[in-house]
1. Among the aspartates and glutamates, which fall within straight-line cross-link reach of residue 511, defined as a Cα-Cα distance under 12 Å, with same-chain neighbours fewer than 8 residues apart omitted?
2. Please report the antiparallel percentage of the DSSP beta bridges confined to segment 106-288, to the nearest 5.
3. How far, in nm, would the chain grow between residue 128 and residue 436 when pulled straight, counting 0.36 nm per residue and subtracting the alpha carbon separation?
4. Full extension from residue 11 to residue 408: what is 0.36 nm times the residue separation minus their Cα-Cα distance, to one decimal in nm?
5. For the residue pair residue 167 and residue 308, what label-to-label distance in nm results when each label sits 7 Å from Cα along the Cα-to-beta-carbon direction?
6. Can you give me the long-range amide H partners of residue 500? Hydrogens built in the peptide plane at 1.01 Å from N, cutoff under 5 Å, separation of 5 or more residues or another chain.
7. In what sequence, highest mean first, do 180-190, 396-406 appear when ranked by Cβ atoms within 10 angstrom?
8. Indicate the gyration tensor shape class of segment 30-169 (rounded, prolate or oblate), computed on the Cα atoms with a ≥ b ≥ c the square roots of the eigenvalues: a/c under 1.5 is rounded; otherwise a/b larger than b/c is prolate and the rest oblate.
Amino acid sequence: MDITQLSTWQQLETQARQMRGRHLRQLFAEEPQRAARYSLELPEFLFDYSKNLVDDEVLVNLLQLARDTDLEGLRARMFSGAPINGTEGRPVLHPALRGGLPDPVELDGGPVADLVETELGRLKEFVNLLHNGGVTGYTGRRITDVVNLGVGGSHLGPEMVIGSLRAYRRDDVRVHFVSNVDGAELADVLAGLDAETTMFAVSSKTFGTTETMTNARSALRWFGELAPREAVLQKHFVAVTASPEKAREFGIEAQRVFRFWDWVGGRFSLWSAIGLPIAIAVGFDRFRELLDGAASMDRHFHEAPLEKNAPVLMALLSVWYCTFMRYPAHAILPYEQALHRLPAYLQQAEMESNGKSTTRAGEEVGYATGPLIWGMLGINGQHAFYQYLHQSPEVVPADFIGSVAPGHDLEGHHEILLANMLAQSQALMNGVDREQVSAGLAARGLGEKEIEKLAPFKVHKGNRPSNTILLRRLDPRSLGALVALYEHKIFTQGAILQIYSFDQWGVELGKGLAAALQPQLESGELHHQDASTAGLIDYYQRVSKGAPAPEPAS
Ligand code: F6P
């Protein structure tokens with residue numbers, strides 16, 4: 001299907017041109033009920049999408065686009081276990097990991113729910129044993145530190161969730177993360193650890209990722225002569241993987257290998273055994289609450305009518321901005337310290353899923369797909385890049401995320417935090433015009449000439465759209481719902497824009513080249529390199545062999 005030929009598509013193109021001439025202030029003035037009509041209250045949060053550059057006519061067409069592109073059909077196929085990851089021939093069943101499927105699904109002759117529950121049972125048993133001091137190292141001392149060795153989806157989800165649930169963290173076992181093949185990261189983590197009480201979780205869907213396997217081998221070497229290799233592997237290593245046979249080959253005992261399946265994408269895997277570090281950090285029961293929260297979002301996504309469906313609305317707005325309004329970026333701005341890794345997590349979730357330019361039919365897309373996702377804690381961003389959000393010629397739609405209940409008991413902080421969040425979305429929406437700026441400067445006693453000179457720099461055009469997601473409180477359940485909200489948003493966006501959201505071929509080329517370059521970097525013997533790469537390798541070779549630096553240019 002060439003979606004650009006749909007009449008809905010063409011109407012949306014026209015509406016986007018018209019909307020560029022309108023202002024959010026105007027939209028609010030025209031519709032006094034806008035905030036109430038363009039908000040959704042779910043059990044875990046309020047989703048306010050009223051500060052977006054849309055009106056009823058645009059929304060009607062966006063919803064029609066979702067219907068024209070058979071979003072509901074693809075959603076049904078996902079939930080029923082059909083192989084909708086077309087280039088890899090796999091189902092996409094991460095909702096099954098949290099009991100979020102509307103109907104039972106069987107794969108390879110068995111119910112998926114049974115596979116999931118069996119593995120969760122194993123995880124629970126192991127985590128409880130660890131918390132009870134029953135998991136010990138080669139000298140019999142209890143394990144107190146677990147280092148997750150994993151990258152991408154085998155790192156970002158667990159790290160983000162543990163950070164987000166800081167208020168629920170147990171203090172008997174500490175969790176650390178090493179994702180980088182730059183040995184500096186592993187070295188720093190190891191420097192603070194005692195080999196007798198440290199366990200490594202090698203987390204890798206494929207159990208073949210260079211970064212992770214290099215770190216795993218170095219971790220094994222770290223034990224040196226302290227104990228026989230078999231004892232170290234038996235007592236100090238667990239694996240989480242969809243390739244259990246490779247973990248066994250590495251030498252990790254079968255009962256210490258926790259598995260998930262190829263129908264779980266790496267960036268959607270935190271609900272699987274990849275969540276082992278989460279269950280260790282906050283306890284298995286809290287992990288289960290996280291899964292329950294995500295399952296409640298699965299049900300909402302599956303059941304709610306499209307016009308009242310939070311992930312669908314979020315996705316439609318994203319399609320509207322990225323594809324029709326041609327705003328190429330989107331900012332994630334949490335006003336909650338604990339959510340500090342959410343932007344990085346969502347960067348992988350969204351950009352690895354929808355950063356593509358081939359349709360499901362194998363054609364080159366003729367439109368923009370997913371936006372560039374970026375962001376950081378809102379408060380810190382205010383003192384860093386918000387200048388750009390407010391006054392750059394580029395418009396960057398944003399998601400503001402906060403919670404009503406503070407995650408601490410220090411007085412006087414939370415209101416300042418939330419007031420800032422509300423103020424920023426208000427300022428982005430309304431801006432401040434020349435007249436207001438001049439009046440403000442006059443009130444401060446500035447003369448006409450000074451006002452004339454300064455005013456242009458202080459004008460904020462406003463009209464910069466945002467969503468606000470206000471959680472009741474940040475807890476395992478609401479976090480689960482929040483993350484699943486984004487997952488289904490990503491799915492919906494890919495479904496409408498006709499792309500395969502669950503493969504990631506774009507990461508393979510660089511991996512292959514790195515593998516080929518490594519021996520050339522080491523030996524200096526170059527094979528078919530471009531001039532730039534050859535020059536860089538030559539410099540590396542010369543400097544690593546002690547070539548002196550040139551005299552500074554005079
Ligand atoms: O290189 C990208 C990627 O394949 C991600 O999709 C994945 O989450 C990450 O690498 C890690 O892969 P693995 O879990 O197989 O080590």
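1. In chain and number order, the partners are 211.
2. Working: 3 of 20 bridges.
Of those bridges, close to 15 percent are antiparallel.
3. Numbers: separation 308, 0.36 × 308 = 110.88 nm, distance 6.15 nm.
Extra length from residue 128 to residue 436 when fully extended: 104.7 nm.
4. Values: separation 397, 0.36 × 397 = 142.92 nm, distance 4.87 nm.
Here the segment from residue 11 to residue 408 would lengthen by 138.0 nm.
5. 2.9 nm
6. Result for residue 500 returns 360.
7. Working: 180-190: 14.5, 396-406: 21.4.
The peptides rank, most packed first, as 396-406, 180-190.
8. Working: a/c = 2.92, a/b = 1.64, b/c = 1.78.
Oblate shape, in that a/c is at least 1.5 and b/c is the bigger or equal ratio.
Throughout, read-outs are computed from the coordinates displayed, never taken from laboratory work. Source: prediction; values computed, not measured. We place every Cβ from the backbone using ideal geometry, glycine too, and count neighbours over all the protein chains shown.
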